[in-house]
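Written below as structure tokens is the structure these notes are about.
The values are calculated or read from the model by the stated rules, or taken from the named source; none is laboratory data. All values reported here derive from a predicted model rather than from experimental measurement. Here the Cβ positions follow ideal geometry from the backbone for every residue, glycine too, while neighbour counts run over all protein chains shown.
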């Protein structure tokens, strides 16, 4: 197992190295301080996982993360949010395989690494609780009409406005109107966050490893 650690925090590096070595005594650890550097070194190593410190200089640059994923489609990305859990949606949208925080136990990081080997997602319990609280803040049946619920279900399938209009009846313009209205009611600004609110998974959000 070869694992790439991206951090500019010495204490974070020491802690993660200890966790990795306990799980993979013979594993190889490669380390860089930025995602940009990770992209540059990745052709040299065949890394099964990248552990990203969300506090690293360019960690939240989703364009760079996308470039890394494109260059390393088989590398799982595990993100430690630290105390910056407000960015969990950013990394979910960027296709992170696993999410942790400062509150996560070492055992949860072990489980995230194990899941990464099987190409399945993992979210630590404290972040799961935050996601659930966001989902249950407002009962959907009290905020959306039946028509809006139908439109919301179709929107998270990532169909085009034209396709949704054909299925639901109406025009592409009316789909756009409902989309804006749904986003406003549920206090989201993109389809990924809408999917989380609806407790669904986007069709194209499954990692392709």
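Within segment 51-71, does at least one residue satisfy the condition of being assigned to a loop (DSSP other than H, G, I, E, B), within 12 Å of residue 3 (Cβ to Cβ) and in the same structural domain as residue 9 (by TED's automatic domain parsing)?
Looking through segment 51-71, none of the residues is assigned to a loop (DSSP other than H, G, I, E, B), within 12 Å of residue 3 (Cβ to Cβ) and in the same structural domain as residue 9 (by TED's automatic domain parsing).
Can you tell me which residues in segment 92-113 are under 16 Å from the mean Cα position of the chain (by Cα) and either at positive phi or modelled with pLDDT of 90 or more (or both)?
Result: 95, 96, 97, 98, 99, 100, 101, 109, 112, 113.
Does segment 47-70 contain any residue that is modelled with pLDDT under 90 and in contact with a strand residue (DSSP E or B) (Cβ under 8 Å, 6 or more places away or on another chain)?
There is no residue in segment 47-70 that is modelled with pLDDT under 90 and in contact with a strand residue (DSSP E or B) (Cβ under 8 Å, 6 or more places away or on another chain).
A quick yes/no check of all residues on (1) touching a helix residue (DSSP H, G or I) at 6+ places or on another chain (Cβ under 7 Å); (2) surrounded by 15 or more Cβ atoms within 10 Å (Cβ to Cβ):
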{"residue": "4", "(1), (2)": "yes, yes"}
{"residue": "18", "(1), (2)": "no, no"}
{"residue": "21", "(1), (2)": "no, no"}
{"residue": "44", "(1), (2)": "no, no"}
{"residue": "49", "(1), (2)": "yes, yes"}
{"residue": "59", "(1), (2)": "yes, yes"}
{"residue": "75", "(1), (2)": "no, yes"}
